[in-house]
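The values are calculated or read from the model by the stated rules, or taken from the named source; none is laboratory data. All values reported here derive from a predicted model rather than from experimental measurement. Quick reminder, even Gly has a Cβ in these numbers, built from the backbone with ideal geometry, and neighbours come from all protein chains shown. What goes into the accessible areas is simple: the full protein's heavy atoms, side chains included, and nothing from ligands, DNA or RNA. Shrake-Rupley method; radii C 1.70, N 1.55, O 1.52, S 1.80 Å.
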Amino acid sequence: MNTRQEYISNIIQTYNSVVKVVDKDAHKSTSRAYGGIIRAIKGSLVEHIAEELVNAAWSEIKSVKKLTINSKKIKIPLDKSYIDSITNQEVKEYIQKNINKYYYGLSVDKHVFIDSNFVFGIECKAYTENAMIKRIMVDFMLLKKYYPNIHCFLFQLESQLGGDFAELNKITYGSYSTHTIMSYFNFPLNIITFLKGERKVDKPIHKYFKQLDADKLSEVIDKLITILLHYK
């Protein structure tokens, strides 16, 4: 089993390898637009980092319980109180007769389970702006309606949220607009930024390389451990 330092070293090595060749690979592709390939590869990279950080945290707990990470769709059923608001009686009766068909398949990028306990969800982004925060908060709100005890995380390589999300300080005060959006939801979103410096559209990291900070990765492992210990 890997040590924490080995996990961190492997994550950084993978990050370095992917970010330094992603531009070349995207230019070679003939099946997708350049920008789409860049986003997809970076998104997959953050998902890989998320999985490895969870595995690193769990490996230090040394529990006999089973850790599972997946992104399977979860069926969110129709809220039956919604039917009362429908004014058309035929539509209302149709929905009532077919109620078992009404659900929304929802997943965030990574669902973390300990045995059958849904412990936390992780949304993974190359970068996040506030328009995306609204979607992320709604997704987690729906999940928390049926899994009220889950912890909600956003892992982002870079931040475009304003404030000090990209400063990687021990205490993050956030931004006025982000906190305002989140204030309309009754749960916290843990926002983790891995790369220092606000995202600049004209300076993407695959052209203007940013170093992935080992101390930040270790800090995230510690944060995950404090949650996972409750399920040991």
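I'd like the full set of residues that are of a type in the set (A, V, I, L, M, F, W, C) and surrounded by fewer than 16 Cβ atoms within 10 Å (Cβ to Cβ), limited to the stretch 37-68.
Passing the criteria: 40, 61, 64.
Return the residues of the stretch 107-117 that are buried (at least 16 other Cβ atoms within 10 Å of the Cβ) and touching a helix residue (DSSP H, G or I) at 6+ places or on another chain (Cβ under 8 Å); say none if nothing qualifies.
Correct list: 108, 109, 110, 112, 114.
Looking at 231, 173, which one is of a type in the set (Ser, Thr, Tyr), at pLDDT below 95 and surrounded by fewer than 17 Cβ atoms within 10 Å (Cβ to Cβ)?
The conditions single out 231.
Determine whether residue 202 is acidic (Asp, Glu) and over 30 Å from residue 218 (Cβ atoms).
Yes.
In the stretch 148-203, how many residues are in contact (Cβ under 8 Å) with a residue 60 or more places away in the chain and not in a strand (DSSP E or B)?
So the count comes out to 2.
Take residue 144 and tell me if it is among the basic types (Lys, Arg), at negative phi and surrounded by 17 or more Cβ atoms within 10 Å (Cβ to Cβ).
yes
With (1) open to solvent by less than 20 Å² (accessible area, probe 1.4 Å); (2) touching a helix residue (DSSP H, G or I) at 6+ places or on another chain (Cβ under 8 Å) as the list, and residue 136 as the residue in question, which single condition is left unmet?
Unmet condition: (2).
Starting from the stretch 5-34, take each residue that is more than 20 Å from residue 210 (Cα to Cα) and modelled with pLDDT of 50 or more and list its partners that are open to solvent by 30 Å² or more (accessible area, probe 1.4 Å) and of a type in the set (D, E, K, R), counting only C-beta distances under 9 angstrom and pairs at least six apart or across chains.
Taking only residues 6 or more apart or on different chains, the pairs are 34/23.
With the requirement that a residue be part of a loop (DSSP other than H, G, I, E, B) and touching a residue at least 40 places away in the same chain (Cβ under 8 Å), what does the stretch 55-74 give you?
Within the stretch 55-74, 63, 65, 66, 71 qualify.
I'd like to know if the stretch 131-146 contains one or more residues that are outside any loop (DSSP other than H, G, I, E, B) and within 20 Å of residue 204 (Cα to Cα).
Yes, some residue in the stretch 131-146 is outside any loop (DSSP other than H, G, I, E, B) and within 20 Å of residue 204 (Cα to Cα).
I'm trying to understand the selection: among the residues of the stretch 184-207, which are over 23 Å from residue 42 (Cα atoms) and either at pLDDT below 95 or over 19 Å from the mean Cα position of the chain (by Cα) (or both)?
Answer for the stretch 184-207, where residues must be over 23 Å from residue 42 (Cα atoms) and either at pLDDT below 95 or over 19 Å from the mean Cα position of the chain (by Cα) (or both): 184, 186.
Output yes when any residue across the stretch 79-95 is open to solvent by less than 30 Å² (accessible area, probe 1.4 Å) and either in a strand (DSSP E or B) or at pLDDT below 95 (or both), and no when none is.
no
Of the conditions (1) at pLDDT 95 or above; (2) farther than 30 Å from residue 65 by Cα; (3) basic (Lys, Arg), residue 223 clears all except one; give me its number.
All conditions pass for residue 223, except number (2).
Hey, among 205, 150, 221, which residue is hydrophobic (A, V, I, L, M, F, W, C), crowded, with 18+ Cβ neighbours inside 10 Å and closer than 28 Å to residue 104 by Cα?
Among 205, 150, 221, only 150 is hydrophobic (A, V, I, L, M, F, W, C), crowded, with 18+ Cβ neighbours inside 10 Å and closer than 28 Å to residue 104 by Cα.
For the stretch 185-197, which residues satisfy the criterion of being open to solvent by less than 80 Å² (accessible area, probe 1.4 Å), touching a strand residue (DSSP E or B) at 6+ places or on another chain (Cβ under 9 Å) and under 19 Å from residue 123 (Cα atoms)?
187, 189, 190, 191, 192, 193, 194, 195
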